[in-house]
Every structure is written in structure tokens, then in C-alpha cells.
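Participant: First the structure, which I've put down as C-alpha cells, then a few questions once you've had a look.
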Amino acid sequence: EAGVTQSPTHLIKTRGQQATLRCSPISGHTSVYWYQQALGLGLQFLLWYDEGEERNRGNFPPRFSGRQFPNYSSELNVNALELEDSALYLCASMRQLNTEAFFGQGTRLTVV
Amino acid sequence: EDQVTQSPEALRLQEGESSSLNCSYTVSGLRGLFWYRQDPGKGPEFLFTLYSAGEEKEKERLKATLTKKESFLHITAPKPEDSATYLCALNNAGNMLTFGGGTRLMVKP
């Protein structure tokens with residue numbers, strides 16, 4: 001069974017540009033979570049999608065947005081990139097509510 | 001507001017020296033407590049799920065336990081390859097998955 005896949009693995013952008021990160025959940029998983037992990041820090045919750053709907057978002061500005069597609073894959077968009085957006089962005093999928101989430105390997109976003 | 005606090009922040013052990021990592025929490029309606037292992041630059045790897053006080057799970061040298069206020073990850077006779085950051089997370093009634101800050105474990109040969 002394929003795990004959670006994220007693309008690209010690495011992404012380098014210039015301040016002010018936009019970044020799009022993609023996530024494919026494990027087959028049969030309908031919930032997708034996005035987290036930001038800055039270097040040396042913990043996982044900060046960004047967004048939660050379930051059955052195509054945004055269910056909750058963390059304490060991040062509106063320039064962080066995303067969506068979930070009918071096949072349950074998801075993308076995270078970050079507009080007007082700032083230097084402090086440089087981080088590892090992690091996607092996780094969950095088969096059903098209140099069960100364990102499985103993570104992808106992340107996208108390392110560097111803003112220069 | 002749900003809170004997850006892990007201690008210690010860092011732990012150095014000699015190979016074979018058993019110890020425990022702590023995860024204390026406050027939550028409005030616990031729907032699951034999870035332990036993960038994270039290697040540098042990689043995504044967290046799922047280890048255990050615990051749902052109710054008194055529950056225990058084991059896998060190789062690791063054993064996770066749960067009470068109404070905290071969870072422990074016991075590491076028996078650790079090896080250098082057990083070196084990683086161990087993360088605790090909980091799920092609440094709103095299905096919000098909240099993580100603690102992690103414990104960075106270093107096992108010296």
C-alpha cells in the first residue's frame with residue numbers, strides 16, 4: 001500500500017512569490033491535515049480537510065490556503081511568501097475520525 | 001484550549017540504559033493519544049495509538065502507557081538507532097490533532 005506522497009520534495013522561491021504544495025493521501029483516507037515545522041521547532045497545525053471541505057484552520061494568516069479535490073488529494077497554497085515561511089511542510093492523512101494519522105516525507109520550502 | 005507538554009526536551013542515554021519520556025495533557029474530550037518518531041528532515045512515523053486510561057501498547061524496545069493526565073513512552077535497553085525525536089499528539093472531540101514539542105533522544109554507543 002502506497003503511503004502519503006508529497007511533491008515537490010524541495011522548493012525554492014523568492015520573497016513575494018507564490019508556492020503550491022501537493023499531497024496525495026493513502027488510498028481510502030478522506031481526511032488530510034497540513035502542518036508547518038520550522039527548523040528545530042514543533043509541528044504547527046495549518047489546515048484540516050475532510051470529504052472535500054475545510055473543517056478547521058490554525059492560527060495562520062489568510063495567505064495560507066488550500067483545497068481538497070474529489071479524489072481526496074490536497075494542495076496547500078502560500079501567497080506573498082515571506083522569509084519566515086521557510087519550513088518543512090507536512091501532510092498527513094487519516095482513514096476515519098479519531099484514528100492515527102500517517103505522514104508524508106514533507107516539502108522543504110525555502111524562501112530567499 | 002487543549003495542551004500537550006512533553007518532557008524532557010532532550011535526553012541523552014547510554015546504549016542499554018532504559019528510561020521514560022513523558023507526555024502530559026489537558027483536553028476537552030480525548031479521542032486518542034498518539035506517539036510518533038521523527039528523524040531529522042523527515043515526516044513523523046506512527047508508533048502507537050492509545051484510547052483509554054490503563055491501556056498499554058508495545059513494539060520492540062518501546063512501550064506506551066496512558067493515564068487520565070499523561071502518557072509515558074518507556075524505552076528498554078535502547079540502541080543508537082533509537083535516536084530520534086519522539087512526538088506525542090492527541091485528538092479531541094473536534095478531531096483536532098495537536099502535537100507536543102517533542103523529546104529529542106540521543107543514545108550513545
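The values are calculated or read from the model by the stated rules, or taken from the named source; none is laboratory data. Quick caveat: nothing in here was measured; it's all calculated off a predicted structure. Heads up, the Cβs are rebuilt from the backbone with ideal geometry, glycines too, and the neighbour counts pull from every protein chain shown.
Participant: Over 25 Å from B:G102 (Cβ atoms), surrounded by fewer than 17 Cβ atoms within 10 Å (Cβ to Cβ) and either more than 12 Å from chain B (Cβ to nearest Cβ) or in contact (Cβ under 8 Å) with a residue 24 or more places away in the chain (or both), is that true of A:T110?
Facilitator: no
Participant: OK, next. Here is a check on your reading of the model: is A:P61 closer than 17 Å to A:T107 by Cβ and either more than 13 Å from chain B (Cβ to nearest Cβ) or surrounded by fewer than 16 Cβ atoms within 10 Å (Cβ to Cβ) (or both)?
Facilitator: Taking the combined requirement at face value, the residue does not satisfy it.
Participant: If you don't mind, another one. Could you please give the count of residues in segment B:48-80 that are away from every other protein chain (no Cβ under 14 Å), over 15 Å from B:L90 (Cβ atoms) and assigned to a strand (DSSP E or B)?
Facilitator: Looking only at that region, the number is 6.
For every residue, the table says whether it meets (1) at the interface with chain B (Cβ under 10 Å from one of its Cβ atoms); (2) closer than 22 Å to B:M96 by Cα; (3) loosely packed, with under 13 Cβ neighbours inside 10 Å.
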site	(1), (2), (3)
A:Q18	no, no, yes
A:L21	no, yes, no
A:G40	yes, no, yes
A:F45	yes, yes, no
A:W48	yes, yes, no
A:G52	no, yes, no
A:R57	no, yes, no
A:Q68	no, yes, no
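Participant: With the checklist (1) more than 25 Å from B:A84 (Cβ to Cβ); (2) within 14 Å of chain B (Cβ to nearest Cβ); (3) small (G, A, S); (4) out of contact with any strand residue (DSSP E or B) (no Cβ under 6 Å at 6 or more places or on another chain) in hand, flag the one item A:S31 doesn't pass.
Facilitator: A:S31 satisfies all of (1) more than 25 Å from B:A84 (Cβ to Cβ); (2) within 14 Å of chain B (Cβ to nearest Cβ); (3) small (G, A, S); (4) out of contact with any strand residue (DSSP E or B) (no Cβ under 6 Å at 6 or more places or on another chain) except (4).
Participant: Hey, among A:Q6, A:Q36, which residue is assigned to a strand (DSSP E or B), at pLDDT 95 or above, within 11 Å of chain B (Cβ to nearest Cβ) and within 10 Å of the chain's Cα centre (by Cα)? Steps first, please.
Facilitator: Details: A:Q36 fails: within 11 Å of chain B (Cβ to nearest Cβ).
None of the others qualify; the one that does is A:Q6.
Participant: Another question about this same structure. Give the residue that is nearest to the other protein chains (Cβ to nearest Cβ), with candidates limited to residues of segment B:86-106 that are assigned to a strand (DSSP E or B) and surrounded by fewer than 20 Cβ atoms within 10 Å (Cβ to Cβ).
Facilitator: If we filter segment B:86-106 for residues that are assigned to a strand (DSSP E or B), which is where we start, we get B:86-91, B:97-99, B:103-106.
Of the ones still in play, those that are also surrounded by fewer than 20 Cβ atoms within 10 Å (Cβ to Cβ) are B:98, B:104, B:106.
On the way: B:T98: 7, B:R104: 10, B:M106: 15 Å.
Across segment B:86-106, the extreme among qualifying residues is B:T98.
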